[in-house]
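Enquirer: Take this structure, written in structure tokens, and hold onto it; I'll ask about it next.
No lab work stands behind these numbers, since they all come straight from the coordinates. This is a predicted model, so every value here is computed, not measured. Cβ placement follows ideal geometry from the backbone for every residue including glycine, while neighbour counts extend to all protein chains displayed.
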Amino acid sequence: MNISMLSDMAAEGFGDRVVIGRADDGLTARRLRQLAVGGAHLVRAADADAIVYLAANGPALPVALFAAARAGVPLVPVNYRLGEAQLDALLANHPRALGIADPEHGEALRRAGLSAHSPAEWLALAARNSGRPAADDDRAHPVPPRPAPPAVLIYTSGTTSAPKGVLLRHHHLVSYVLGTVEFAGADPDAAALVSVPPYHIAAVSGVLTNLYAGRRTLTLEQFTPDGWLGLVREQRITHAMVVPTMLARIMDTGGLDLSVPSLRALAYGGARMPVRVIETALRVWPQVDFVNAYGLTETSSTITVLGPRDHRTAVASDDPVVRARLGSAGLPVPGVELEVRDASGAVAAPGGTGQIWVRGEQVSGEYAGQGSAVDGRGFFHTRDQGRIDRDGYLHIEGRADDTIIRGAENIAPAEIEDVLLDHPDVLDAVVVGVPDEEWGQRIEAVVVLRDGVATDADALRAQVRGTLRGSKTPDRITRWPELPRTPTGKLVRRDIVEALTADR
């Protein structure tokens, strides 16, 4: 299988439908395939072994994705927000790549000895080569023989360690799409807004799933609440995907016009969603179907989903177990198996907390230069902690690396964060363990409060103590104007710990 098959199916099934960009001047499914063919010619002419993409999201990304697939090389979307040293180190891994970069990032490619086409230049060159004779088409030149070539190589965000290159092969991505999306199932007027950068797995999977469904895809690289709302209304967006901090900012910013008459569905993921925020969104937009999608780069995107009916049932229920599902990650998607394993490696009983393992055709678990990280039974260790309730719903309790060990007790920061976020004055919160001579680690929290409120740390500590117990109460709570997060909403906990301990 090759992901270019998905582009071919779209071109043949609804070739004149606009699938990328704005409704009035976007790319049709047929034109997307033509540009991908032209891009593949460029890759072969350059004898490149990858396409490095160092630019903002936009039409050049799907063209590069399918051009790489047709040429039999991987697409490597790189985080353009990295520092110079880290960026140079990643680019050094791809000395024979063809480069696409925004003008302000072209120098990084040139330092690495790579070509530096801007997105506009790349699209123009692909268009110039898209009219080559059929005999010179990539369908007359099969993908170079190699065992299961990767489709994309995505570097992890590196929030807790150095970035690793995750290899996703064609069959992983195709399996994910075929297992979760109905071909041409979208209405002709359906349009999806993606608000994550191109180096996030959701950007890649969004291209594939929306194209396969026949849904037009737009991107918003620079998020602001009013900018997002304005684009949803202007382009009559029906489906959107955000990270939790984006939805929180939309719901918490006063004075906005929150009307979104065209919006039918909104998916969120990438980080924990405060229950307060999703409850507010359900009230503000009762006509919208909300979906919580949990997944990893290593799993080709989503592996569990909390669907619209689950959201509404949880909000309306008096059963604490059902009510708690509003904060869960939902049920596995078709073809995915989950296990929660305890400290001994045994599968935990329902409700038991442990580390989450996943198996399925869409699961890669493979790293460039390191090989596969799946076990003998084909399961991949997500390094997330969680539990599966009596009806199979997965509840995420944070990264295993984030666990605070206070004395002999293991404490999940997420449990304390949820209590802090329940306070009406708290907009954002993080709990970390910092070194302590007596306890090994002590618990500290950082909160972002609403403007103008006078809630103090003692009141917040009292709320935690009254909800949980004394040993889980933060020793100190500090107020910051904002928390360090990646563009996809993940907390950079190591920066928080460093800041909290810098003056000690």
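Enquirer: Counting Lys and Arg as +1 and Asp and Glu as -1, what is the net charge of the other residues whose Cβ lies under 15 Å from the Cβ of Gly254?
Expert: Combined, the nearby Lys, Arg, Asp and Glu give -3.
Enquirer: Please give the helix 170-180 orientation as an angle from the longest Cα principal axis of the chain, in degrees from 0 to 90, rounded to the nearest 10.
Expert: That helix lies at roughly 60 degrees to the long axis.
Enquirer: Name the residue farthest towards the positive end of the dipole of region 404-501 from the options Gly470, Ala445, Ile405, assuming +1 on Cβ of Lys and Arg, -1 on Cβ of Asp and Glu, about the Cα centre.
Expert: In region 404-501, that residue is Ile405.
Enquirer: Tell me which residues come under 5 Å, amide H to amide H, from Val291 once H is placed; ignore anything under 5 positions away on its chain.
Expert: HN-HN under 5 Å from Val291: Leu266, Ala267, Tyr268.
Enquirer: With both partners inside region 339-487, how many of the DSSP beta bridges are antiparallel, as a percent to the nearest 5?
Expert: Rounded to the nearest five, the antiparallel share is 90 percent.
Enquirer: How high is the relative contact order of the chain? Use alpha-carbon pairs under 8 Å, at least six apart in sequence, and give a whole percent.
Expert: Result for the chain is 11 percent.
Enquirer: Let me ask another. Within a Cβ distance under 13 Å of Ala116, other residues only, what is the Lys/Arg minus Asp/Glu net charge?
Expert: Charge balance near Ala116 sits at -2.
Enquirer: Sticking with this structure for a sec: What ³J(HN,Hα) values, in whole Hz, does the Karplus curve 6.51 cos²θ - 1.76 cosθ + 1.60 give for region 5-13 when θ = phi - 60°, with x put for Gly and Pro?
Expert: Per-residue couplings from phi come out as 4, 5, 5, 4, 4, 5, 4, 7, x Hz.
Enquirer: Something else: Computed from these coordinates, which is Cα extents along the principal axes in Å: (i) 63, 62, 46; (ii) 74, 48, 43; (iii) 132, 75, 63?
Expert: (ii)
Enquirer: Follow-up question, since we're still on this one. Given +1 on the Cβ of Lys and Arg, -1 on the Cβ of Asp and Glu, and no further charges, what dipole in debye does the chain carry about its Cα centre, rounded to the nearest 20?
Expert: 840
Enquirer: Which order do Val453, Val260, Val358 fall in if you start with the one that has the fewest other Cβ atoms within 10 Å?
Expert: With the fewest neighbours first, Val453, Val260, Val358 line up as Val453, Val260, Val358.
Enquirer: Nothing charged except the Cβ atoms of Lys and Arg (+1) and of Asp and Glu (-1): what's the magnitude of the dipole of region 404-501 about its Cα centre? Round to the nearest 20 debye.
Expert: 140
Enquirer: Okay, helix-only estimate at 222 nm for the chain: each DSSP H run of n ≥ 4 adds -39500 (n - 2.57), divide by all residues, round to 500 deg cm²/dmol; what do you get?
Expert: -9500 deg cm²/dmol
Enquirer: Which percent, nearest 5, of DSSP beta bridges in the chain are antiparallel?
Expert: Approximately 60 percent, going by the DSSP bridge assignments.
Enquirer: About its Cα centre, what dipole magnitude does region 4-222 give when the only charges are +1 on Lys and Arg Cβ and -1 on Asp and Glu Cβ, stated in debye to the nearest 20?
Expert: 400
Enquirer: Per q in 0.17 1/Å, what log10 I(q)/I(0) does a Debye calculation on the alpha-carbon atoms of region 404-501 return?
Expert: -0.72
Enquirer: Quick one: Karplus J couplings for region 364-370, per residue in order, coefficients 6.51, -1.76, 1.60, θ = phi - 60°, nearest Hz, x for Gly and Pro?
Expert: 8, x, 10, 10, 4, x, 10
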